[in-house]
Amino acid sequence: MSKHKALTGAIAALASVATLGALAAPALAADTTYSPNGKSVAELAQHGGAQRIAAIGNKKAKNVVLFIGDGMGDSEITVARDYLKGANGHFDGLDAVGQPSALDDVQAGTGQYTTFSVGNGSKDSAVGKDGDGKLVANPNPGKLTPVTDSSASGSAWATGTKTYNNAVDVDIYGNPQLNLFELAKAAGKATGNVTTAEIQDATPAVLESHSSERACYGPQGKTDGTSNNASKQCLINQLKENGGIGSISEQLLDTRADVTIGGGSKYFRQTVQGGEYKGKTVWEQAKEMGFQTVENDPAAMNALQYKDGQPVLALMSDGNMPTKFNPSKATAKDPAKDANPTVCTPNADWLGNQGSSLKDMTKKALDLLNDNPNGQKNGFFLQVEGASIDKQDHAGNACGQIGETDDFDQAIAYAMQNVDLTNTLVIVTADHAHTSQILNAQPAYALSTVLKTADGNNMVVSYGTAQDDSRDADGGYNGGDMEHTGTQLRIAASGPGA
Ligand SMILES: [Zn+2]
(Lines give C-alpha, C1' and ligand atoms only; values in the text may rest on other atoms or scores of the structure.)
Protein backbone atom coordinates (compact mmCIF):
# COMPACT_ATOMS: atom_id res chain seq x y z
CA MET A 1 0.00 0.00 0.00
CA SER A 2 1.33 3.47 -0.84
CA LYS A 3 1.97 5.84 2.01
CA HIS A 4 -0.72 8.13 0.69
CA LYS A 5 -3.32 5.39 0.61
CA ALA A 6 -2.30 4.17 4.06
CA LEU A 7 -2.57 7.66 5.51
CA THR A 8 -5.93 8.18 3.89
CA GLY A 9 -7.04 4.90 5.42
CA ALA A 10 -5.88 5.94 8.87
CA ILE A 11 -7.68 9.24 8.69
CA ALA A 12 -10.81 7.53 7.41
CA ALA A 13 -10.53 5.12 10.33
CA LEU A 14 -10.35 8.02 12.75
CA ALA A 15 -13.25 9.79 11.07
CA SER A 16 -15.30 6.63 11.51
CA VAL A 17 -14.86 6.80 15.27
CA ALA A 18 -16.91 9.97 15.32
CA THR A 19 -19.81 7.65 16.05
CA LEU A 20 -18.23 6.93 19.42
CA GLY A 21 -20.44 9.62 20.86
CA ALA A 22 -17.85 12.37 20.85
CA LEU A 23 -18.73 15.72 22.32
CA ALA A 24 -17.68 19.23 21.51
CA ALA A 25 -15.32 20.68 24.09
CA PRO A 26 -17.40 22.76 26.48
CA ALA A 27 -16.27 25.96 28.14
CA LEU A 28 -14.45 25.16 31.37
CA ALA A 29 -16.10 27.63 33.70
CA ALA A 30 -15.23 25.59 36.79
CA ASP A 31 -11.62 24.92 35.79
CA THR A 32 -9.53 26.46 38.53
CA THR A 33 -6.87 23.75 38.82
CA TYR A 34 -3.45 24.81 37.63
CA SER A 35 -0.21 22.90 37.55
CA PRO A 36 2.84 24.75 38.86
CA ASN A 37 3.91 25.84 35.39
CA GLY A 38 0.59 27.55 34.95
CA LYS A 39 -1.24 25.17 32.63
CA SER A 40 -4.92 24.62 33.25
CA VAL A 41 -6.54 21.20 32.99
CA ALA A 42 -8.05 22.27 29.65
CA GLU A 43 -4.56 23.10 28.34
CA LEU A 44 -3.03 19.91 29.72
CA ALA A 45 -5.83 17.89 28.13
CA GLN A 46 -5.07 19.15 24.62
CA HIS A 47 -3.06 16.97 22.26
CA GLY A 48 0.58 17.39 23.30
CA GLY A 49 -0.46 19.72 26.10
CA ALA A 50 1.45 17.92 28.85
CA GLN A 51 4.79 17.74 27.04
CA ARG A 52 7.64 19.12 29.19
CA ILE A 53 10.64 18.90 26.90
CA ALA A 54 11.17 19.22 23.17
CA ALA A 55 12.37 16.21 21.21
CA ILE A 56 16.16 15.88 21.19
CA GLY A 57 18.44 14.25 18.67
CA ASN A 58 17.73 13.59 15.04
CA LYS A 59 18.29 9.86 14.61
CA LYS A 60 15.24 8.02 13.38
CA ALA A 61 14.49 4.40 14.15
CA LYS A 62 13.14 2.04 11.51
CA ASN A 63 11.63 -0.26 14.16
CA VAL A 64 10.36 0.40 17.68
CA VAL A 65 9.79 -2.12 20.47
CA LEU A 66 7.97 -0.54 23.43
CA PHE A 67 8.08 -2.62 26.64
CA ILE A 68 5.54 -1.65 29.31
CA GLY A 69 5.87 -3.15 32.77
CA ASP A 70 2.38 -2.50 34.11
CA GLY A 71 2.63 -1.05 37.61
CA MET A 72 6.42 -1.42 37.47
CA GLY A 73 7.63 1.48 39.58
CA ASP A 74 11.20 1.72 40.83
CA SER A 75 10.09 -0.14 43.94
CA GLU A 76 8.74 -3.10 41.96
CA ILE A 77 11.97 -3.36 39.93
CA THR A 78 14.03 -3.28 43.11
CA VAL A 79 11.89 -5.85 44.94
CA ALA A 80 12.33 -8.28 42.05
CA ARG A 81 16.06 -7.60 41.63
CA ASP A 82 16.76 -8.09 45.34
CA TYR A 83 14.83 -11.34 45.40
CA LEU A 84 15.99 -12.84 42.09
CA LYS A 85 19.53 -11.48 41.69
CA GLY A 86 20.51 -10.05 45.08
CA ALA A 87 20.70 -6.39 46.07
CA ASN A 88 23.91 -5.90 44.08
CA GLY A 89 22.82 -8.08 41.17
CA HIS A 90 21.55 -7.00 37.78
CA PHE A 91 18.84 -7.91 35.30
CA ASP A 92 19.85 -9.02 31.80
CA GLY A 93 17.09 -6.94 30.20
CA LEU A 94 15.78 -4.28 32.56
CA ASP A 95 19.27 -3.19 33.61
CA ALA A 96 20.75 -3.40 30.09
CA VAL A 97 18.36 -1.06 28.29
CA GLY A 98 19.46 2.56 28.42
CA GLN A 99 23.05 1.74 29.37
CA PRO A 100 25.99 2.85 27.21
CA SER A 101 26.68 0.13 24.66
CA ALA A 102 29.88 -1.55 23.61
CA LEU A 103 28.77 -0.61 20.11
CA ASP A 104 29.79 2.99 19.41
CA ASP A 105 26.88 3.74 17.13
CA VAL A 106 24.09 2.63 19.49
CA GLN A 107 22.45 5.47 21.38
CA ALA A 108 21.23 4.92 24.93
CA GLY A 109 19.42 7.03 27.47
CA THR A 110 17.59 6.84 30.77
CA GLY A 111 15.22 9.35 32.28
CA GLN A 112 12.08 9.84 34.33
CA TYR A 113 8.56 10.87 33.49
CA THR A 114 5.39 11.73 35.39
CA THR A 115 2.06 9.99 34.89
CA PHE A 116 -0.80 12.05 36.36
CA SER A 117 -4.15 11.99 34.59
CA VAL A 118 -6.86 14.61 34.13
CA GLY A 119 -10.56 14.41 34.82
CA ASN A 120 -12.21 13.55 38.09
CA GLY A 121 -11.01 9.98 38.13
CA SER A 122 -12.36 6.59 37.41
CA LYS A 123 -15.92 6.05 36.25
CA ASP A 124 -17.11 9.63 36.35
CA SER A 125 -15.47 11.84 33.81
CA ALA A 126 -16.66 11.94 30.21
CA VAL A 127 -19.45 9.47 30.79
CA GLY A 128 -22.35 9.43 33.21
CA LYS A 129 -25.35 7.24 33.92
CA ASP A 130 -28.97 7.81 33.07
CA GLY A 131 -31.85 6.81 35.34
CA ASP A 132 -31.56 3.17 34.25
CA GLY A 133 -27.85 3.01 34.99
CA LYS A 134 -26.91 3.05 31.30
CA LEU A 135 -23.74 4.91 30.37
CA VAL A 136 -24.37 8.17 28.54
CA ALA A 137 -22.24 11.10 27.39
CA ASN A 138 -21.67 13.58 30.21
CA PRO A 139 -18.74 15.95 29.70
CA ASN A 140 -17.15 16.77 33.02
CA PRO A 141 -13.46 17.50 32.65
CA GLY A 142 -12.96 17.89 36.38
CA LYS A 143 -9.52 18.30 37.85
CA LEU A 144 -6.02 16.98 37.60
CA THR A 145 -5.65 13.67 39.43
CA PRO A 146 -2.19 12.65 40.65
CA VAL A 147 -2.64 8.87 40.28
CA THR A 148 -3.36 7.44 36.86
CA ASP A 149 -4.81 4.11 35.85
CA SER A 150 -3.41 2.07 32.98
CA SER A 151 -5.92 3.34 30.44
CA ALA A 152 -5.29 7.06 30.96
CA SER A 153 -1.55 6.45 31.06
CA GLY A 154 -1.63 4.22 27.98
CA SER A 155 -3.84 6.66 26.11
CA ALA A 156 -1.30 9.40 26.83
CA TRP A 157 1.67 7.61 25.28
CA ALA A 158 -0.41 6.03 22.52
CA THR A 159 -1.97 9.33 21.39
CA GLY A 160 -0.05 12.23 22.95
CA THR A 161 -3.21 13.40 24.70
CA LYS A 162 -3.75 13.25 28.46
CA THR A 163 -7.15 12.05 29.53
CA TYR A 164 -9.25 10.66 32.40
CA ASN A 165 -8.89 7.32 34.21
CA ASN A 166 -10.96 4.72 32.34
CA ALA A 167 -10.57 6.40 28.92
CA VAL A 168 -9.08 4.47 26.00
CA ASP A 169 -7.71 6.85 23.32
CA VAL A 170 -10.41 9.47 23.77
CA ASP A 171 -9.80 12.91 25.27
CA ILE A 172 -11.62 14.24 28.33
CA TYR A 173 -14.55 15.24 26.15
CA GLY A 174 -14.83 11.80 24.55
CA ASN A 175 -13.22 12.75 21.23
CA PRO A 176 -11.18 9.89 19.71
CA GLN A 177 -7.44 10.53 19.33
CA LEU A 178 -5.19 9.10 16.60
CA ASN A 179 -2.99 6.37 18.13
CA LEU A 180 0.41 4.79 17.47
CA PHE A 181 -0.94 1.83 15.48
CA GLU A 182 -2.92 4.18 13.26
CA LEU A 183 0.21 6.29 12.74
CA ALA A 184 2.41 3.23 12.17
CA LYS A 185 -0.02 1.82 9.62
CA ALA A 186 -0.18 5.20 7.88
CA ALA A 187 3.62 5.01 7.59
CA GLY A 188 3.36 1.54 6.05
CA LYS A 189 4.83 -0.19 9.08
CA ALA A 190 3.91 -3.61 10.42
CA THR A 191 2.31 -3.65 13.88
CA GLY A 192 2.38 -6.03 16.84
CA ASN A 193 0.73 -6.13 20.27
CA VAL A 194 1.77 -8.67 22.94
CA THR A 195 0.61 -8.93 26.55
CA THR A 196 0.21 -11.37 29.42
CA ALA A 197 -3.15 -9.73 30.22
CA GLU A 198 -6.49 -10.03 28.55
CA ILE A 199 -5.96 -8.42 25.14
CA GLN A 200 -8.89 -6.09 25.90
CA ASP A 201 -7.14 -4.79 29.03
CA ALA A 202 -6.16 -1.12 29.02
CA THR A 203 -2.51 -1.28 27.94
CA PRO A 204 -3.04 -3.41 24.82
CA ALA A 205 -6.42 -1.71 24.20
CA VAL A 206 -4.87 1.72 23.66
CA LEU A 207 -3.28 0.44 20.44
CA GLU A 208 -6.37 -1.20 19.02
CA SER A 209 -9.42 0.83 20.03
CA HIS A 210 -11.11 4.05 21.11
CA SER A 211 -13.50 3.58 24.01
CA SER A 212 -15.01 5.94 26.56
CA GLU A 213 -14.92 3.06 29.07
CA ARG A 214 -12.12 0.52 29.46
CA ALA A 215 -14.58 -2.18 30.57
CA CYS A 216 -16.26 -2.24 27.13
CA TYR A 217 -14.46 -5.49 26.30
CA GLY A 218 -16.90 -7.09 23.87
CA PRO A 219 -20.34 -6.75 22.29
CA GLN A 220 -21.80 -8.21 25.51
CA GLY A 221 -19.58 -6.14 27.79
CA LYS A 222 -17.03 -7.68 30.16
CA THR A 223 -18.74 -11.07 30.29
CA ASP A 224 -18.00 -14.57 29.03
CA GLY A 225 -20.98 -14.38 26.66
CA THR A 226 -23.56 -16.05 28.89
CA SER A 227 -24.97 -12.62 29.82
CA ASN A 228 -25.00 -9.12 28.34
CA ASN A 229 -23.83 -6.19 30.44
CA ALA A 230 -22.77 -3.94 27.57
CA SER A 231 -25.18 -1.10 28.34
CA LYS A 232 -23.55 -0.72 31.79
CA GLN A 233 -19.96 -1.10 30.59
CA CYS A 234 -19.96 0.69 27.24
CA LEU A 235 -21.14 4.14 26.25
CA ILE A 236 -24.36 3.08 24.54
CA ASN A 237 -23.66 5.14 21.39
CA GLN A 238 -20.47 3.12 20.96
CA LEU A 239 -22.26 -0.21 20.54
CA LYS A 240 -22.65 -1.67 17.03
CA GLU A 241 -26.38 -2.14 17.46
CA ASN A 242 -26.66 1.62 18.02
CA GLY A 243 -24.55 2.47 14.98
CA GLY A 244 -21.29 2.95 16.89
CA ILE A 245 -17.78 1.60 16.31
CA GLY A 246 -18.25 -1.30 18.69
CA SER A 247 -16.47 -2.79 21.67
CA ILE A 248 -12.71 -3.09 22.16
CA SER A 249 -12.66 -6.69 20.81
CA GLU A 250 -14.57 -5.70 17.67
CA GLN A 251 -12.35 -2.66 17.10
CA LEU A 252 -9.28 -4.87 17.56
CA LEU A 253 -10.39 -6.80 14.47
CA ASP A 254 -11.04 -3.61 12.49
CA THR A 255 -7.63 -2.21 13.52
CA ARG A 256 -6.12 -5.37 12.04
CA ALA A 257 -2.68 -5.35 13.63
CA ASP A 258 -0.36 -7.83 11.96
CA VAL A 259 0.36 -9.65 15.23
CA THR A 260 -1.82 -9.80 18.37
CA ILE A 261 -0.86 -12.22 21.15
CA GLY A 262 -2.32 -12.16 24.67
CA GLY A 263 -5.06 -13.53 26.91
CA GLY A 264 -8.81 -12.88 27.07
CA SER A 265 -10.08 -15.55 24.66
CA LYS A 266 -13.39 -15.95 26.53
CA TYR A 267 -14.57 -12.49 25.50
CA PHE A 268 -14.29 -13.57 21.86
CA ARG A 269 -16.94 -16.18 22.61
CA GLN A 270 -19.48 -13.37 23.00
CA THR A 271 -22.11 -12.88 20.28
CA VAL A 272 -21.91 -9.84 18.03
CA GLN A 273 -25.04 -7.70 18.57
CA GLY A 274 -25.13 -5.51 15.46
CA GLY A 275 -23.66 -4.85 12.05
CA GLU A 276 -22.37 -7.21 9.38
CA TYR A 277 -21.45 -10.03 11.77
CA LYS A 278 -24.56 -9.87 13.99
CA GLY A 279 -25.38 -13.25 15.52
CA LYS A 280 -21.87 -14.69 15.11
CA THR A 281 -19.28 -15.03 17.83
CA VAL A 282 -16.35 -12.62 17.78
CA TRP A 283 -14.07 -15.60 17.05
CA GLU A 284 -16.22 -16.42 14.01
CA GLN A 285 -15.99 -12.80 12.93
CA ALA A 286 -12.19 -12.91 13.26
CA LYS A 287 -11.94 -16.03 11.08
CA GLU A 288 -14.27 -14.56 8.45
CA MET A 289 -12.13 -11.42 8.40
CA GLY A 290 -9.13 -13.54 7.49
CA PHE A 291 -7.26 -13.72 10.79
CA GLN A 292 -5.09 -16.71 11.65
CA THR A 293 -6.59 -17.53 15.05
CA VAL A 294 -5.25 -19.52 18.01
CA GLU A 295 -7.36 -20.17 21.11
CA ASN A 296 -5.57 -21.31 24.28
CA ASP A 297 -2.96 -23.38 22.42
CA PRO A 298 0.75 -22.58 22.98
CA ALA A 299 1.95 -25.16 20.44
CA ALA A 300 -0.27 -23.64 17.75
CA MET A 301 1.01 -20.15 18.67
CA ASN A 302 4.59 -21.33 18.23
CA ALA A 303 3.75 -22.90 14.86
CA LEU A 304 2.34 -19.66 13.40
CA GLN A 305 3.98 -18.38 10.22
CA TYR A 306 3.64 -15.10 8.36
CA LYS A 307 0.90 -15.37 5.71
CA ASP A 308 0.10 -12.52 3.36
CA GLY A 309 -3.14 -10.77 4.30
CA GLN A 310 -3.77 -13.06 7.27
CA PRO A 311 -2.92 -11.28 10.52
CA VAL A 312 -2.28 -13.31 13.65
CA LEU A 313 -4.71 -13.32 16.59
CA ALA A 314 -3.46 -15.74 19.25
CA LEU A 315 -5.19 -15.63 22.65
CA MET A 316 -3.54 -18.05 25.03
CA SER A 317 -5.90 -18.09 28.03
CA ASP A 318 -9.52 -17.34 28.90
CA GLY A 319 -8.54 -14.36 31.04
CA ASN A 320 -5.19 -13.00 32.21
CA MET A 321 -2.40 -15.54 31.84
CA PRO A 322 -1.35 -17.59 34.90
CA THR A 323 1.64 -16.17 36.76
CA LYS A 324 5.14 -17.64 36.79
CA PHE A 325 5.29 -18.06 40.59
CA ASN A 326 2.66 -19.32 43.00
CA PRO A 327 1.13 -16.55 45.13
CA SER A 328 2.36 -15.38 48.51
CA LYS A 329 0.05 -13.60 50.91
CA ALA A 330 0.89 -10.36 52.71
CA THR A 331 -0.15 -10.57 56.35
CA ALA A 332 -0.03 -8.56 59.57
CA LYS A 333 3.18 -8.27 61.57
CA ASP A 334 4.33 -11.62 62.93
CA PRO A 335 7.84 -12.49 64.22
CA ALA A 336 7.43 -16.00 62.81
CA LYS A 337 7.74 -14.53 59.31
CA ASP A 338 11.27 -13.29 60.11
CA ALA A 339 12.29 -16.74 61.28
CA ASN A 340 10.77 -18.47 58.24
CA PRO A 341 11.12 -16.13 55.26
CA THR A 342 9.12 -16.94 52.13
CA VAL A 343 10.74 -18.61 49.16
CA CYS A 344 8.66 -18.32 45.98
CA THR A 345 7.73 -21.53 44.16
CA PRO A 346 7.07 -22.12 40.44
CA ASN A 347 3.47 -22.25 39.26
CA ALA A 348 2.74 -25.48 37.35
CA ASP A 349 0.01 -23.66 35.39
CA TRP A 350 2.36 -20.98 34.04
CA LEU A 351 2.15 -21.06 30.23
CA GLY A 352 5.90 -20.62 29.98
CA ASN A 353 6.03 -24.33 30.84
CA GLN A 354 4.29 -24.94 27.51
CA GLY A 355 6.36 -22.56 25.40
CA SER A 356 4.29 -19.43 25.94
CA SER A 357 6.33 -17.25 28.28
CA LEU A 358 6.39 -13.52 27.53
CA LYS A 359 9.82 -14.12 25.98
CA ASP A 360 8.38 -16.87 23.73
CA MET A 361 5.51 -14.62 22.65
CA THR A 362 7.90 -11.70 22.03
CA LYS A 363 10.14 -13.95 19.93
CA LYS A 364 7.16 -15.10 17.86
CA ALA A 365 5.99 -11.53 17.35
CA LEU A 366 9.44 -10.35 16.27
CA ASP A 367 9.78 -13.32 13.87
CA LEU A 368 6.38 -12.61 12.31
CA LEU A 369 7.11 -8.87 11.98
CA ASN A 370 10.53 -9.54 10.46
CA ASP A 371 8.94 -11.92 7.92
CA ASN A 372 6.32 -9.32 7.01
CA PRO A 373 7.20 -7.45 3.78
CA ASN A 374 5.89 -4.19 5.25
CA GLY A 375 8.11 -4.77 8.28
CA GLN A 376 11.12 -5.48 6.10
CA LYS A 377 10.55 -2.43 3.92
CA ASN A 378 9.13 0.18 6.30
CA GLY A 379 9.86 -1.23 9.76
CA PHE A 380 7.53 -2.22 12.57
CA PHE A 381 6.06 -1.02 15.85
CA LEU A 382 5.70 -3.67 18.56
CA GLN A 383 4.38 -3.19 22.09
CA VAL A 384 5.07 -5.86 24.72
CA GLU A 385 3.35 -5.64 28.10
CA GLY A 386 4.28 -7.46 31.30
CA ALA A 387 0.80 -6.98 32.72
CA SER A 388 0.58 -8.83 35.99
CA ILE A 389 3.30 -7.01 37.90
CA ASP A 390 0.41 -4.61 38.47
CA LYS A 391 -2.26 -7.23 39.02
CA GLN A 392 -0.28 -9.13 41.66
CA ASP A 393 0.78 -5.89 43.35
CA HIS A 394 -2.96 -5.12 43.65
CA ALA A 395 -3.34 -8.48 45.38
CA GLY A 396 -0.45 -7.92 47.81
CA ASN A 397 1.25 -10.91 46.18
CA ALA A 398 5.01 -10.40 46.35
CA CYS A 399 5.94 -13.71 44.71
CA GLY A 400 3.43 -13.08 41.93
CA GLN A 401 4.78 -9.65 41.06
CA ILE A 402 8.40 -10.85 41.28
CA GLY A 403 7.78 -13.75 38.88
CA GLU A 404 6.05 -11.46 36.41
CA THR A 405 8.96 -8.98 36.58
CA ASP A 406 11.31 -11.91 35.88
CA ASP A 407 9.23 -13.00 32.86
CA PHE A 408 9.19 -9.40 31.61
CA ASP A 409 12.95 -9.02 32.09
CA GLN A 410 13.66 -12.12 30.04
CA ALA A 411 11.49 -10.84 27.18
CA ILE A 412 13.47 -7.57 27.20
CA ALA A 413 16.77 -9.45 27.31
CA TYR A 414 15.70 -11.50 24.29
CA ALA A 415 14.87 -8.36 22.34
CA MET A 416 18.11 -6.61 23.32
CA GLN A 417 20.14 -9.60 22.14
CA ASN A 418 18.18 -10.22 18.92
CA VAL A 419 17.20 -6.90 17.37
CA ASP A 420 19.60 -4.66 15.43
CA LEU A 421 20.05 -1.70 17.78
CA THR A 422 21.45 0.41 14.94
CA ASN A 423 17.97 0.62 13.40
CA THR A 424 15.65 -0.55 16.20
CA LEU A 425 14.69 1.55 19.22
CA VAL A 426 13.95 -0.49 22.36
CA ILE A 427 12.10 1.44 25.08
CA VAL A 428 11.37 0.09 28.56
CA THR A 429 9.09 1.89 30.97
CA ALA A 430 5.96 1.53 33.09
CA ASP A 431 2.55 3.13 33.13
CA HIS A 432 2.25 3.96 36.81
CA ALA A 433 3.90 3.13 40.11
CA HIS A 434 2.40 0.79 42.67
CA THR A 435 2.13 -0.21 46.29
CA SER A 436 5.02 -2.46 47.27
CA GLN A 437 7.81 -0.98 49.39
CA ILE A 438 11.04 -2.47 50.75
CA LEU A 439 11.34 -1.98 54.50
CA ASN A 440 13.95 -2.85 57.08
CA ALA A 441 11.45 -4.49 59.43
CA GLN A 442 7.83 -5.59 59.34
CA PRO A 443 5.56 -2.54 59.73
CA ALA A 444 3.08 -2.43 62.58
CA TYR A 445 0.23 -0.92 60.55
CA ALA A 446 0.48 -2.46 57.09
CA LEU A 447 0.55 -5.92 55.57
CA SER A 448 3.90 -7.40 54.63
CA THR A 449 5.73 -10.44 53.34
CA VAL A 450 9.24 -11.42 54.44
CA LEU A 451 11.20 -12.95 51.58
CA LYS A 452 14.54 -14.74 51.49
CA THR A 453 16.54 -12.98 48.76
CA ALA A 454 19.10 -14.39 46.32
CA ASP A 455 21.91 -13.10 48.52
CA GLY A 456 20.52 -14.95 51.52
CA ASN A 457 19.08 -11.99 53.41
CA ASN A 458 15.59 -11.26 54.62
CA MET A 459 13.69 -8.57 52.71
CA VAL A 460 10.43 -7.13 54.03
CA VAL A 461 7.97 -6.09 51.31
CA SER A 462 5.15 -3.95 52.64
CA TYR A 463 1.69 -3.36 51.13
CA GLY A 464 0.10 -0.35 52.78
CA THR A 465 -2.47 1.18 50.42
CA ALA A 466 -5.45 -0.91 51.53
CA GLN A 467 -6.50 -2.07 54.96
CA ASP A 468 -6.32 -5.70 53.95
CA ASP A 469 -6.32 -7.59 50.68
CA SER A 470 -10.00 -8.54 50.67
CA ARG A 471 -11.98 -5.72 52.28
CA ASP A 472 -11.57 -2.91 49.77
CA ALA A 473 -13.96 -4.39 47.22
CA ASP A 474 -14.18 -1.26 45.06
CA GLY A 475 -10.49 -0.45 45.22
CA GLY A 476 -7.87 -0.77 42.56
CA TYR A 477 -8.40 -0.53 38.87
CA ASN A 478 -8.45 -4.18 37.88
CA GLY A 479 -10.67 -5.62 40.57
CA GLY A 480 -7.69 -5.64 42.90
CA ASP A 481 -7.31 -4.08 46.28
CA MET A 482 -3.92 -2.42 46.81
CA GLU A 483 -3.76 0.87 44.91
CA HIS A 484 -1.62 2.45 42.23
CA THR A 485 0.68 5.23 43.42
CA GLY A 486 1.63 8.48 41.76
CA THR A 487 5.43 8.68 41.73
CA GLN A 488 7.42 9.37 38.58
CA LEU A 489 8.77 6.44 36.60
CA ARG A 490 11.94 5.26 34.94
CA ILE A 491 12.07 5.31 31.16
CA ALA A 492 15.09 3.76 29.45
CA ALA A 493 15.89 3.24 25.80
CA SER A 494 18.56 1.85 23.50
CA GLY A 495 18.76 2.47 19.78
CA PRO A 496 18.25 5.38 17.37
CA GLY A 497 16.69 8.35 19.15
CA ALA A 498 17.11 6.85 22.62
ZN1 LIG B 1 -3.59 -1.68 38.22
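The values are calculated or read from the model by the stated rules, or taken from the named source; none is laboratory data. Bear in mind the structure is a predicted one, so any value in this text is a computation, not a measurement. In this analysis, Cβ positions are derived from the backbone assuming ideal geometry, glycine residues included, and neighbour counts consider all displayed protein chains. When the accessible area is computed, the model is the full protein with side chains, heavy atoms only, and any ligands, DNA or RNA have been set aside. Shrake-Rupley method; radii C 1.70, N 1.55, O 1.52, S 1.80 Å.
Exceedance of the 21 Å cut-off in Cα-Cα distance is limited, within the set Lys162/Lys364; Lys189/Lys266; Lys62/Lys364; Lys134/Lys222, to Lys162/Lys364; Lys189/Lys266. Approximating the spin labels as points 7 Å out from Cα along Cα→Cβ, the Asn58-to-Ala300 distance works out to 5.1 nm. Among the protein heavy atoms, those of Glu483 account for about 50 Å² of accessible surface (1.4 Å probe, every chain in place). The slack in the chain from Thr114 to Thr345, taken as 0.36 nm per residue of separation less the alpha-carbon distance, amounts to 79.7 nm. Taking label positions 7 Å along the Cα-Cβ direction at both Asp92 and Asn229, the computed distance is 4.0 nm, reported to one decimal. Coupling constants for the range 424-436 follow from the phi torsions by the Karplus curve (6.51 cos²θ - 1.76 cosθ + 1.60, θ = phi - 60°), and in residue order they are 10, 8, 9, 10, 10, 7, 10, 9, 6, 7, 9, 6, 4 Hz; glycine and proline get x. Computed from phi, the 3J(HN,Hα) profile of the range 336-343 under the Karplus parametrisation 6.51, -1.76, 1.60 (θ = phi - 60°) reads 4, 5, 5, 6, 10, x, 6, 10 Hz, with x in place of Gly and Pro. A convex hull fitted around the alpha carbon atoms of the range 377-434 yields 78 Å³ per residue. In terms of the mean number of neighbouring beta-carbon atoms within 10 Å, the peptides 327-336, 371-380, 214-223 order highest first as 214-223, 371-380, 327-336. Residue ranking by accessible heavy-atom surface, 1.4 Å probe, largest first, among Lys232, Lys337 comes out as Lys232, Lys337.
Based on DSSP H segments of at least four residues, each scored -39500 (n - 2.57), the chain has a per-residue ellipticity at 222 nm of -7000 deg cm²/dmol. Only Cα pairs under 8 Å and at least 6 apart count here; give the relative contact order of the range 3-494 as a rounded whole percent. RCO, the range 3-494: 23 percent. Taking 13 Å as the straight-line reach from the Cα of Lys278, the aspartates and glutamates in range (excluding those fewer than 8 positions away in the same chain) are Glu241, Glu250, Glu288. For Ile53, the solvent-accessible surface with a 1.4 Å probe is about 120 Å², rounded to the nearest 10.
Calculated on the Cα set of the chain, radius of gyration then Dmax: 21.8, 67 Å.
Taking the DSSP bridge list for the chain and keeping only pairs wholly inside it, about 50 percent are antiparallel. Compute the Cα gyration tensor for the range 210-313, then decide on rounded, prolate or oblate, letting a ≥ b ≥ c be the square roots of its eigenvalues: rounded whenever a/c is under 1.5, prolate when a/b is larger than b/c in the other cases, and oblate in all that remain. In terms of gyration-tensor shape, prolate. For the range 396-409, putting each phi into the Karplus relation 6.51 cos²θ - 1.76 cosθ + 1.60 with θ = phi - 60° gives couplings of x, 10, 4, 4, x, 5, 5, x, 5, 5, 4, 4, 4, 4 Hz, in residue order, rounded to whole numbers and with x for Gly and Pro.
One decimal place: the segment Lys333-Gln354 gains 3.8 nm when fully extended, by the rule 0.36 nm per residue minus the C-alpha distance.
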